[in-house]
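The block underneath contains the structure these notes are about, expressed in structure tokens.
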Amino acid sequence: MEFSADTFRKVMGHFATGVTVVTALEGERPWGITVNALSSVSLEPPLVMVALDRRRKITPTVRAAGRYAVNVMGEDQQAIADCFAGAPVSPGRDEFCGTRWHPGPTGLPLIDGSIATLECTVAERYSVGDHDLFIARVDSLANQEHHAMPLLYYRRRYLRVERAESVVPEGKAD
Ligand SMILES: Cc1cc2nc3c(=O)[nH]c(=O)nc-3n(C[C@H](O)[C@H](O)[C@H](O)COP(=O)(O)OP(=O)(O)OC[C@H]3O[C@@H](n4cnc5c(N)ncnc54)[C@H](O)[C@@H]3O)c2cc1C
């Protein structure tokens, strides 16, 4: 079956995800990119994976530094996600999108107001297709006790949770 990259994106867009900004340090300078290709990979040891397009500015930075942070965006952080996805806004990415941030316990840039954060050290990297997969050990993590609902992404649009209902899964919870 032949299909275009656009069709692939369109179909995959039906898989709703959260939205993160992955950050890294180039020297002392913080860099960031909006990412939804985040996955929890292993519990013991705690490993996560992000997939970064090799054409992106931040990808060689993560490769060289061997470290990255994941900032999980709340619904009140859509403008930050937009900016780190390359939106033509001011202040732009050269000014870290004007976001307030602080160094986390391991020194990586954590964006203020993120609903959860992870600081990670790359354990394995795979070049697959046009992306690099960075599997990394979680060194430090935190989540806010009281926070906004998560920002969601679905069919190339941001989505907000309007009616939050939490239901315990029937059958076996993971
Ligand atoms: C919801 C969502 C999820 C996404 N998920 C992913 C994903 O999982 N993986 C993925 O690879 N992409 C993902 N993207 C796409 C990614 O965020 C954009 O492709 C990317 O940010 C666009 O960057 P760019 O085209 O400006 O290229 P970039 O190469 O990132 O940047 C282009 C130029 O901007 C400047 N620049 C960029 N960053 C900085 C900085 N920090 N400081 C100074 N200058 C800078 C540089 O001059 C560079 O030449 C996602 C986008 C969205 C909206």
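The values are calculated or read from the model by the stated rules, or taken from the named source; none is laboratory data. The model shown is predicted, which means the values in this text are computed figures rather than measured ones. Quick reminder, even Gly has a Cβ in these numbers, built from the backbone with ideal geometry, and neighbours come from all protein chains shown. These accessible areas exclude ligands, DNA and RNA; they are computed on the full protein's heavy atoms, side chains included. Shrake-Rupley method; radii C 1.70, N 1.55, O 1.52, S 1.80 Å.
Solvent-accessible surface of region 53-174, averaged per residue with a 1.4 angstrom probe and all protein chains in place: 64 square angstrom. Summing Lys and Arg as +1 and Asp and Glu as -1 over all other residues whose Cβ lies under 14 Å from the Cβ of V89 gives a net charge of -2.
Dipole of region 10-150 computed with +1 at Lys/Arg Cβ and -1 at Asp/Glu Cβ about the Cα centre; of N143, A79, A37, farthest Cα towards the positive end is A37. Under 1.5 on a/c is rounded, so check that first for the chain, then, if it is not, pick prolate when a/b is larger than b/c and oblate when it is not; a ≥ b ≥ c are the square roots of the alpha carbon gyration tensor eigenvalues. Judged from the Cα gyration tensor, the chain comes out rounded (a/c under 1.5). Annotation: extensible slack from E162 through E44 equals 39.0 nm (criterion: 0.36 nm per residue apart, minus Cα-Cα distance).
Overall, region 10-150 carries a charge dipole of about 460 debye about its Cα centre when +1 sits on the Cβ of Lys and Arg and -1 on the Cβ of Asp and Glu, all other atoms neutral. The distance linking region 113-129 with region 1-75 is 7 Å (Cα centroid to Cα centroid, whole angstrom).
Once you keep just the Cα pairs under 8 angstrom separated by 6 or more residues, what percentage relative contact order results for region 10-150?
Numbers: 284 pairs, mean separation 38.5, N = 141.
It comes to 27 percent, rounded to a whole number.
Only helical runs count toward this figure. For the chain, summing -39,500 (n - 2.57) over DSSP H runs of n ≥ 4 and dividing by all residues gives -3500 deg cm²/dmol at 222 nm.
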